[in-house]
Amino acid sequence: MISYLIGKVQKIKSDHIVVLSQNLGFRVYMPARSIATVRHGLDIELHTNLVVREESMTLFGFLSEDESETFEILQTVTGVGPRTAIAALDTFTPDELRSALADRDEKRLQKIPGIGKKSAQRMILDIGDKLGPASASFDAPAVNDDVADEVVKALVSLGWQKQQAEGAVAQFSGMGMNASDMLRAALVNLGGNRG
C-alpha cells in the first residue's frame, strides 16, 4: 500500500497530477481544489490511498491526513466509490462534510455529484459520527490578510455570499499566494455553486 509520496510535480491535469519520485512518475488523482494550489516543478508531499480493483490500481492523493482519512471513510458508505469520494472532497472540506452530517443536512450533501437523496440519507446513517466533530474554527473562518480580503471582495462582486467567499478563501490565507492564484483556487473550491 502506498500511503505517502514525496516528489516533484511533473505534470498537472484537471483531475490528476504526475509526481516524479525516485525516477518513477506516479499519476495521482486529487480533488480539483487541491490541484489548484499545486505548481509545476515544485516539491510536493501527499497522503495517498491506493485503490485496487480487478482491472486497475489507482492512486489518490491529498494535501492533508484529514482529507485522506475522510476519503477512506466516505468509501464505507454503500454505493460511494473513490470517484464519488473525491467529488465529495472537491465540493466540501472535511469540516464542511462533518457539519453537514452533524446537521443531517440531506440537501447540502446532495450538492456532491453522484449523491442523490437516498445516498445522502445513507451517508448520514453510515458515517454520521465516524468523521468526528468539526473543528472549532470552522464556523467562523478567519480571513486576515490583504490578499485574502481582496479575493473575498472579488467573489462577493461575482455573486457569492460573503460567508461562502470567506469559507472558500480561508484555507488559502497565509499561504503566500498572489490574488489571481488565490481567486482561481477559491473558484475551484466553490465549484460554481452560488447557493
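We did not get these values from a lab; they are worked out from the coordinates using the rules stated. These numbers come from a predicted model, not from an experiment. Heads up, the Cβs are rebuilt from the backbone with ideal geometry, glycines too, and the neighbour counts pull from every protein chain shown.
Counting only residues at least eight positions apart within a chain, or on another chain, the lysines with an alpha carbon under 17 Å from that of residue 118 are 107. Seen from residue 70, the other residues with C-beta closer than 10 Å to its C-beta sum to a net charge of -4, counting Lys and Arg as +1 and Asp and Glu as -1.
Only the Cβ atoms of Lys and Arg (+1) and of Asp and Glu (-1) were treated as charged; on that basis the dipole of the chain about its Cα centre amounts to roughly 760 debye. Here the Gaussian network model covers the chain, with springs between Cα atoms less than 10 Å apart; of 54, 150, 45, 54 fluctuates the most. A full extension of the chain between residue 18 and residue 96 corresponds to an added length of 25.3 nm, given 0.36 nm per residue minus the alpha carbon distance. Separation of segment 106-121 and segment 40-93, taken as the distance between their Cα centroids, equals 19 angstrom. Derived value for the chain: Kirkwood hydrodynamic radius 17.4 Å. Basis is the mean of 1/r over every pair of different alpha-carbon atoms. Ordering 4, 147, 160 by the projection of their Cα atoms onto the charge dipole of the chain, which places +1 on the Cβ of Lys and Arg and -1 on the Cβ of Asp and Glu, puts 160 at the extreme positive end.
Shape call for segment 18-59 from the C-alpha gyration tensor, a ≥ b ≥ c root eigenvalues: rounded (a/c under 1.5), prolate (a/b greater than b/c) or oblate? Oblate shape, in that a/c is at least 1.5 and b/c is the bigger or equal ratio. A Gaussian network model of the chain, with springs between Cα atoms under 10 Å, assigns the largest mean-square fluctuation among 78, 48, 93 to 78.
Quick one: length gained pulling residue 45 to residue 11 fully straight, 0.36 nm per residue minus the C-alpha distance?
Working: separation 34, 0.36 × 34 = 12.24 nm, distance 1.50 nm.
Full-extension gain reported as 10.7 nm.
The lysines whose alpha-carbon is closer than 27 Å to the alpha-carbon of residue 13, local same-chain residues fewer than 8 away aside, are 111.
Gaussian network model of the chain, Cα springs within a sub-10 Å range: biggest mean-square fluctuation belongs to which of 146, 15, 66? Maximum fluctuation in the GNM of the chain, among the listed residues, is at 146.
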